[in-house]
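These notes are about the structure you will find just below.
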Amino acid sequence: MTEHINNKKYTYFVTGGGTGGHIYPAVAVGFALQKEPDTDKVFYVGNPNNLEKKIAEDKVFDFLGVNISAMPKTLSFDFVKWNFQLLFATIKAISYIFKYKPSLIFGTGGYVSAPMLFAGVLTGTPIVLHECDAIPGKVSKLLAPYAKFVSIAFESAKEQLKSNNIKFNGNPIREEFSSTDRYHARQIWKLKDRLTIMVMGGSQGAKKLNSVIVQNLKKLFKKYDIQIIHQTGLKNYDDTVKELKKVYPNYTENSQYIIRPYFKKMYLPMLASDIAVSRAGSLSISEICASGLASILVPYPYAAADHQRKNAKEMEELNAALYLDDTDCTAEALMEKLEELINNTQKMIELQNNAKKLVRKDATKDIVGQIKEVLNK
């Protein structure tokens, strides 16, 4: 008896952009789909002027551009112009659907994904959503009823989405986070085997975090035998260096302090660290957990629907992070939180272990499996 073999090949569009929190989960799922034997092609759809174009092309995706910006927050002439921009971007997205005939569109929410997801609904192309945050964004809320299923990273998002098919998967993490360990990550970075702190503000960087850590550098290095890895964000690097030259002019002579605008292989400095000082974007939190870090989370106060505060509070309630409100984030307050972990190894290890327990290692694999179920129905 000969087993029937389905030779059908699938084409996928993945979309999401603007910040790493939307881009990297889309990349992780797109990359996994690319490796499936029944995949013909994976296209990444995003704004050609944003970070997603470079990241997608680094991952060898064919990139399809749609020009769309964030929706203005007030009713104004700019809002009228944005509606026309959304209309033209959606028409462009529809033209891509007619040209490449995707089997399914996977989107991670946010304004960049809106034109392609709208185009999917209008053309009857199956769409699947992944909501990265504890508080769903406008695109996810609007399109959830039309999606074949909605994947969520935080269980608390479920009650805010109108969908009969919600799956709690966690955030898809780049496979590189399981490719090495702390010891080997430190070897790659030529770091010593000592307590290491990672300061990061997400893909955009965080001016507040840069400033308060810079003000504490001299004191930290004088009191403790530590290493600090500092990611400033591209747009904040020059200002951070200016401040460094004023308050810590000898920083270039300190081999235990590494400062960069951006790390292309972010997983390496994170895996090399013990403690993270970070904003509270959902992907940053997922990667902190995957790296097994104790963290001090300082939510960005102007995030949509204040979702970073919700993310950070949830981590604090699970005893997987320390919480520091942005308005309270002075040099003194951050120093106090850091010393709470530096001087209490047991507390640091407790947070690390609790963070590790939150990792859903099979998130990417599960989402790919669920996408296959949709296509095989």
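Computed values, structure above
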| item | result |
| --- | --- |
| Among (1) over 23 Å from LEU283 (Cβ atoms); (2) surrounded by fewer than 21 Cβ atoms within 10 Å (Cβ to Cβ); (3) not assigned by TED's automatic domain parsing to the domain that holds PRO25 - the single one ARG182 does not satisfy | (1) |
| Those residues of segment 296-331 which are farther than 15 Å from SER284 by Cβ, touching a residue at least 12 places away in the same chain (Cβ under 8 Å) and not in a helix (DSSP H, G or I), in sequence order | PRO301, LEU318, ASN319, ASP325, CYS329, THR330 |
| Residue in segment 123-138 that is modelled with the lowest pLDDT, counting only those that are crowded, with 24+ Cβ neighbours inside 10 Å and under 17 Å from the mean Cα position of the chain (by Cα) | ALA134 |
| Condition check for ASN254: exposed (fewer than 14 other Cβ atoms within 10 Å of the Cβ), among the polar types (S, T, N, Q) and without any contact (Cβ under 8 Å) to a residue 60 or more places away in the chain | no |
| Test: residue in segment 142-151 that is touching a residue at least 40 places away in the same chain (Cβ under 8 Å), in a loop (DSSP other than H, G, I, E, B) and surrounded by fewer than 24 Cβ atoms within 10 Å (Cβ to Cβ) | yes |
| From the options VAL112, VAL27, residue that is in contact with a Lys or Arg (Cβ under 7 Å, 6 or more places away or on another chain) and crowded, with 19+ Cβ neighbours inside 10 Å | VAL27 |
| Those residues of segment 103-134 which are in a loop (DSSP other than H, G, I, E, B) and either within 21 Å of GLU287 (Cβ to Cβ) or touching a helix residue (DSSP H, G or I) at 6+ places or on another chain (Cβ under 8 Å) (or both), in sequence order | SER103, THR108, GLY109, GLY110, THR125, PRO126, CYS132, ASP133, ALA134 |
| Filter result for LYS223 (among the basic types (Lys, Arg), surrounded by fewer than 21 Cβ atoms within 10 Å (Cβ to Cβ), over 30 Å from GLY369 (Cα atoms) and at pLDDT below 90) | no |
| Condition met for GLY233 (within 26 Å of LYS53 (Cβ to Cβ), free of Cβ contacts under 8 Å to residues at least 40 places away in the same chain and outside the structural domain of ILE371 (by TED's automatic domain parsing)) | yes |
| Any chance LEU244 is buried (at least 20 other Cβ atoms within 10 Å of the Cβ), more than 27 Å from ASN50 (Cβ to Cβ) and either touching a residue at least 12 places away in the same chain (Cβ under 8 Å) or not basic (Lys, Arg) (or both) | yes |
| Segment 292-329, subset modelled with pLDDT of 95 or more and among the hydroxyl-bearing types (Ser, Thr, Tyr), residue nearest to THR180 (Cα to Cα) | SER295 |
| Hits in segment 165-211 (condition: closer than 22 Å to GLY21 by Cβ and in a helix (DSSP H, G or I)) | GLU175, GLU176, PHE177, SER178, LYS207, LYS208, LEU209, ASN210 |
| Flag if LYS162 is of a type in the set (D, E, K, R), at pLDDT below 95, part of a loop (DSSP other than H, G, I, E, B) and over 21 Å from GLY46 (Cβ atoms) | yes |
| Odd one out for LYS54 among (1) over 16 Å from the mean Cα position of the chain (by Cα); (2) surrounded by fewer than 15 Cβ atoms within 10 Å (Cβ to Cβ) | (1) |
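Every residue, every condition in (1) closer than 30 Å to PHE31 by Cβ; (2) out of contact with any strand residue (DSSP E or B) (no Cβ under 6 Å at 6 or more places or on another chain), yes or no:
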residue	(1), (2)
ILE296	no, no
TYR300	yes, yes
ASP306	no, yes
ARG309	no, yes
LEU318	yes, yes
CYS329	no, yes
GLU332	no, yes
THR345	no, yes
ASP366	yes, yes
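The values are calculated or read from the model by the stated rules, or taken from the named source; none is laboratory data. Just so it is clear, the structure is predicted and the values come from calculations on it, not from any experiment. Positions of Cβ are backbone-derived with ideal geometry, glycine not excepted, and every protein chain shown enters the neighbour counts.
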